[in-house]
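Step one of this worksheet: look at the structure below.
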Amino acid sequence: STGSAQTNPEKNDVEYLTPVSIGTPGQVLNLDLDTGSSDLWVFSSLTTSSQVNGQTLYDPTKSTTANQLQGYTWQISYGDGSSSSGDVYTDTVTVGGVTFSAQAVQVAKTVSSEFTSDPANHGLLGMGFGSINTVEPVAQKTFFDNIMPDLDLPLFTADLKRSAPGRYNFGYIDPSAYKGEITYVPVDNDSGFWAWTSPAYAIGSRNFGNTTLKGIADTGASLFLLPSAAVSEYYGAVFGAKYDRSQGAFTVPCDASAPDFTFVVGDHGATITVPGNYIKYAPIDDAGKTCFGGIQLDTGIGFSIFGDVALKSAFVVFNGGNRTIGWATK
Ligand SMILES: O=C(CCCl)NNC1=[NH+]CCN1
């Protein structure tokens with residue numbers, strides 16, 4: 001089988017939401033497909049009502065194919081400090097025309113304020129590795145784990161775009177979606193993430209250094225989080241850039257000319273370039289004078305995060321069969 005689903009950016013591309021059908025008859029919720037986590041959880045009829053704010057709710061009692069996993073629970077916290085928890089059902093789930101009939105659907109009973117405050121986001125669909133699924137007493141498989149054996153090819157691709165709809169494809173590679181060759185590199189999934197290492201990076205027209213970037217490809221993270229040496233070098237090249245301690249982040253003048261950030265993929269010279277304009281991420285003031293930086297520090301995480309700011313500059317192949325990640329320009 002193969003499948004294809006359009007994914008739609010929220011304001012400032014902070015997340016990309018993809019329609020997912022759950023249950024019989026189908027209840028369609030818009031979920032954040034997240035390669036940086038491995039739980040499929042949804043706002044539901046069981047979610048504490050004071051924490052619901054316009055989200056579409058999955059109601060397992062309205063689905064003839066829902067079955068509760070009695071006594072199973074889950075609790076997750078994300079890198080941005082958000083969190084949620086609840087109970088577990090299995091039900092039929094369809095994404096982009098690909099269906100798995102007994103998918104673990106984690107229904108939220110509690111969600112943190114970050115989720116409550118976003119009516120457009122009805123939950124997450126984790127596309128990381130199964131080892132970090134949080135269901136107790138038995139961890140559950142991700143949607144991708146479950147459909148992989150039935151896919152023509154054991155992979156999915158992410159084609160995110162700046163302030164425009166993109167696409168997740170399952171089981172095939174669309175040759176019209178990218179230019180040139182796809183360069184594949186090994187993934188170390190011991191952490192449960194799509195972790196890989198870039199051998200070097202360059203800022204603007206400068207020469208490549210020899211500092212490697214060890215990070216994860218994370219569709220559920222908005223920004224590009226990098227080591228302080230890379231971040232300082234980058235913003236040192238932007239006139240008017242500063243570290244704003246009140247924001248706890250680097251900002252740039254929205255009218256500054258921002259250099260591109262290029263990272264190397266593999267050892268045959270392939271590179272991906274993040275346009276400087278993507279790094280003037282979003283205005284933080286009504287006048288649109290000061291912009292939040294799309295590159296920020298990865299301090300304390302233990303690795304870098306190739307989030308949406310990096311991913312939307314490329315066509316990315318997540319190959320679960322041979323555990324590689326492929327990057328191509330587009
Ligand atoms: O949690 C992380 C970072 C893993 Cl180190 N990414 N995925 C995600 N989902 C919601 C917010 N962020």
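A short reminder: the numbers here are calculations on the coordinates, not readings from a lab. What you see is a predicted model, and the numbers here were worked out from it, not measured in a lab. Positions of Cβ are generated from backbone atoms using ideal geometry, with glycine treated the same way; all protein chains shown enter the neighbour counts.
Does the stretch 283-293 include one or more residues that are closer than 30 Å to ALA177 by Cα and charged (D, E, K, R)? Checking the stretch 283-293: not a single residue is closer than 30 Å to ALA177 by Cα and charged (D, E, K, R).
VAL107 - would you say it is of a type in the set (A, V, I, L, M, F, W, C), in contact with a Ser or Thr (Cβ under 6 Å, 6 or more places away or on another chain), within 19 Å of LYS62 (Cα to Cα) and not in a loop (DSSP other than H, G, I, E, B)?
Details: of a type in the set (A, V, I, L, M, F, W, C): yes; in contact with a Ser or Thr (Cβ under 6 Å, 6 or more places away or on another chain): yes; within 19 Å of LYS62 (Cα to Cα): yes; not in a loop (DSSP other than H, G, I, E, B): yes.
Here the answer is yes, as VAL107 does meet what is asked.
Scanning the stretch 130-183 for residues that are more than 25 Å from TRP41 (Cα to Cα), in a helix (DSSP H, G or I) and either touching a His at 6+ places or on another chain (Cβ under 8 Å) or in contact (Cβ under 8 Å) with a residue 40 or more places away in the chain (or both) turns up just one, ALA177.
For (1) within 16 Å of the ligand (Cβ to nearest atom); (2) surrounded by fewer than 21 Cβ atoms within 10 Å (Cβ to Cβ), each residue gets a yes or a no:
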position	(1), (2)
PRO227	yes, yes
SER246	no, yes
VAL252	no, no
THR271	no, yes
